[in-house]
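Working notes, beginning with the structure itself.
No value in this document is a laboratory result; all are computed from the given coordinates. These figures come from a predicted structure and were not determined experimentally. Ideal geometry is used to build each Cβ from the backbone, glycine not excepted, and the neighbour counts take in all protein chains shown.
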């Protein structure tokens, strides 16, 4: 009887096609695939730029009036080479893994629990790194580069979908109570709301700080 | 017995309905709240974009541009003799690191060429990098200072210009304070009463107009260097190429 009651409450007859589309496997993996592809392209562009700049420090150092990436400032800062090589190289190495994961999953492959948990761990580190760079670019370096922004956005989306899947499939070895609460959160689409709000906040921050340069 | 069971079933169903109702209510509330937050953020973004797009049209457009005195006929700040063989136009921003690199490579060469009468430099200060000084508008403040010096102590313009680049702040910082700019001016011999006029910000509108004029001249980045009106396409960041181009232009006379 209790189980029946639970089922009844959890069943959302009012949530229609959108709800189902959002929670459909194909949507999740396709979003992750697109985001990781975008991130790979951006990493590639940034890597090429970094190499060009290393070859010839004066290349493109001029300050372009119409771009908010002013003067190669981001590429030239120490934050852009935290580990001794351009950060974008990390994207070149890690994004193909995510792409493979997304494609394989689209094709119906199910990865073992431990694999997904480890992926979650590594991607969380990547997310922290991306936001650290975003924060540095916003407040310390004072210049934004569109490709770096694309990486931040794409990383957010991949992290969101990966976390979603891992909560849904109970891959994270979490205490039962936490797991149940997170599942409820995901089922009510609050996680989606959170991500949308988060991305909009970022857009707002960028517009507030760089609007003058972007739209003047 | 039967009656009792039925009552219990009814009660259970009632509870069930009540729970479902509360659940739906909560979901509606959350949906409404989410919608409000999201719409609010979208509105804020639109407002910020409109504000940014509109905000920059006003300073250059509103009349009241007071140009400094001693400008050349083309409206920029001249350094050197009117009879010089070659004119070199510099479009630059005091915040632009590449302009600093250009000055480091070519400043002394230009000083020599100005002194021996080969070159007249025309300074076109710009302020499009104002957004990169954390709200202090360093580009405009520095350009206003150079305009004030051009107005009242034209002999010190080049030295002050060079000194500003020698002390160039890093992009993305607040830049030099007004006091620091004043100190640099005093160090290169700008009279104290002229330095005091920096604070009047008399020529800020003129700096805006110079920035707009540069855009109209087709300047897309800084530094942009013209030799006798032709854009110099060579290496701006090492000593020599620009000097050679200038000497070639002078020899052609």
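Helix B:138-152 axis versus longest C-alpha principal axis of chain B: approximately 30°, rounded to the nearest ten. Compared with the dominant Cα axis of chain B, that is its longest principal axis, helix B:204-216 is turned about 90°. Cβ-Cβ distance of residue B:74 and residue A:41, R₀ of 41 Å, FRET efficiency by 1/(1 + (r/R0)^6): the value works out to about 0.40. Dividing the mean sequence gap of close Cα pairs (under 8 Å, 6+ apart) by how many residues the range B:174-253 holds gives a relative contact order of 14 percent. Relative to the longest principal axis of the Cα atoms of chain B, helix B:157-166 runs at roughly 50 degrees. Please work out whether the range B:18-164 counts as rounded, prolate or oblate from its C-alpha gyration tensor, where a ≥ b ≥ c are the square roots of the eigenvalues and a/c under 1.5 means rounded, while otherwise a/b larger than b/c means prolate and anything else oblate? Cα axes put the range B:18-164 in the prolate bin.
Counting only C-alpha contacts under 8 Å and six or more residues apart, can you give the relative contact order of chain B as a whole percent? Result for chain B is 25 percent. In this calculation the C-beta distance from residue A:113 to residue B:134 is compared with R0 = 35 Å, giving a FRET efficiency of 0.15. Taken along the Cα-to-beta-carbon direction at a fixed 7 Å, the label points for residue B:11 and residue A:106 span 5.6 nm. Here is the size of the protein assembly as shown from its Cα atoms: Rg then Dmax, 30.6, 121 Å. Is the shape of the range B:63-123 rounded, prolate or oblate, going by the alpha carbon gyration tensor and its root eigenvalues a ≥ b ≥ c, with a/c under 1.5 for rounded and a/b larger than b/c for prolate? Judged from the Cα gyration tensor, the range B:63-123 comes out oblate (a/c at least 1.5, b/c at or above a/b).
Modelled this way, with points 7 Å down the Cα-to-C-beta line, the labels at residue B:26 and residue A:23 are 1.6 nm from one another. Taking each DSSP H run with n ≥ 4 as -39500 (n - 2.57) and averaging over every residue of chain B yields -18500 deg cm²/dmol at 222 nm. Cα centroids of the range B:181-244 and the range B:91-149: 3 Å apart. Neighbour counts of C-beta atoms inside 10 Å place A:95, B:247 in the sequence B:247, A:95, starting with the fewest. Taking 7 Å steps out from each Cα toward its Cβ at residue B:192 and residue B:217 produces label points 3.7 nm apart.
By its C-alpha gyration tensor, with a ≥ b ≥ c as the square roots of the eigenvalues, how is the range B:77-251 shaped: rounded for a/c under 1.5, else prolate for a/b larger than b/c, else oblate? Note, shape of the range B:77-251 comes out prolate. Among A:147, B:47, the ranking by other beta carbons within 10 Å of each residue's beta carbon, starting with the fewest, stands as B:47, A:147. Working from Cα pairs under 8 Å separated by at least six residues, relative contact order for the range B:1-126 is 25 percent. Between residue A:208 and residue B:18, the C-beta separation translates, for a Förster distance of 51 Å, into a calculated FRET efficiency of about 0.65.
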